[in-house]
Amino acid sequence: MHANAWPLIEKYLKLRKKQQRDLAELLEVTPAAISQFKKERILFNPSQIGKIINYLQISQTDCDELYSILFSTRLMPPKEKTPKATLPLGWEKRLLPVGELELLRRYEPGFEPMDQYLLRHTQKHIAIFGNRPGLCLVTLGPQYELFGKSFLSALLLDALNEPSPEDFKLVYTQDREFNIIRPTQNRDGVYFDFIGQNTLLRNRKILWQRPILALDIPLE
């Protein structure tokens, strides 16, 4: 379990007859930085992961495996002196559902948790190892924008908990609109960034909201 999924990337470097220096050139980093990625001292960011997948033409099956490794390792607590074949106490293999945002228009929070709803309504899942239940991924299409930029990635949501006032959150309102909101203090009160627009959230009934744990996970 490597935090940068290096063994899988290295397999594709050999398969495509590429060298580490080619990867360094692709990512616009030094060869020494590649060594830091291999040693897990630096983590690939989402943009770099997307470039690597495209450059090495990683298959869809191996892409799923790559993201499974990344999620499992990056959600883990700091490394402890645990035998490699032994998972930390309370950890187990879990299925992380990956569903389109539009699926959540029919979600009824009073009947089941969001992750269970997505598990039933989507065919795509990622296997991760962890001790945190209730995680799910929601994909966004090109019709959505975040802070003025087209958004093609995915959101990692905590399906089982309500957000705190300081959290980024995905909100669904009575007018059937999805919003990503980020509270910041200004002279007018609390300001929110919406998908595709900037406005104040006032006098709108919220049907449900969930914390966003990660905003920029490239799955496209």
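Observations, loosely collected:
- Strands (runs of 3 or more DSSP E) (entirely within region 130-220) containing at least 1 residues that are modelled with pLDDT under 75 and out of contact with any His (no Cβ under 9 Å at 6 or more places or on another chain): 184-186, 189-194, 197-199, 206-217
- Among the residues making up region 96-108, those that are surrounded by 15 or more Cβ atoms within 10 Å (Cβ to Cβ) and not acidic (D, E) are L96, P97, V98, G99, L101, L103, L104, Y107.
- Summed over region 26-49, the residues that are in contact (Cβ under 8 Å) with a residue 60 or more places away in the chain and farther than 16 Å from L156 by Cβ give a count of 1.
- Residue match in region 10-28 (condition: over 21 Å from I128 (Cα atoms), hydroxyl-bearing (S, T, Y) and within 24 Å of the chain's Cα centre (by Cα)): yes
- Restricting T61, T73, T82 to those that are modelled with pLDDT under 85, within 27 Å of Q123 (Cβ to Cβ) and loosely packed, with under 14 Cβ neighbours inside 10 Å reduces the list to T61.
- In the condition set (1) exposed (fewer than 11 other Cβ atoms within 10 Å of the Cβ); (2) modelled with pLDDT of 85 or more, I9 is compliant with all but (1).
- The listed residues are L119, L89, and the only one of them that is at pLDDT 85 or above and either buried (at least 16 other Cβ atoms within 10 Å of the Cβ) or not acidic (D, E) (or both) turns out to be L119.
Residues are listed down the side, and each one gets a yes or a no for (1) surrounded by 13 or more Cβ atoms within 10 Å (Cβ to Cβ); (2) in a helix (DSSP H, G or I):
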residue	(1), (2)
K17	no, no
A24	yes, yes
F44	yes, no
Q48	yes, yes
K51	yes, yes
Y55	yes, yes
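The values are calculated or read from the model by the stated rules, or taken from the named source; none is laboratory data. Bear in mind the structure is a predicted one, so any value in this text is a computation, not a measurement. Glycine gets a Cβ as well: all are built from the backbone with ideal geometry, and neighbour counts include every protein chain shown.
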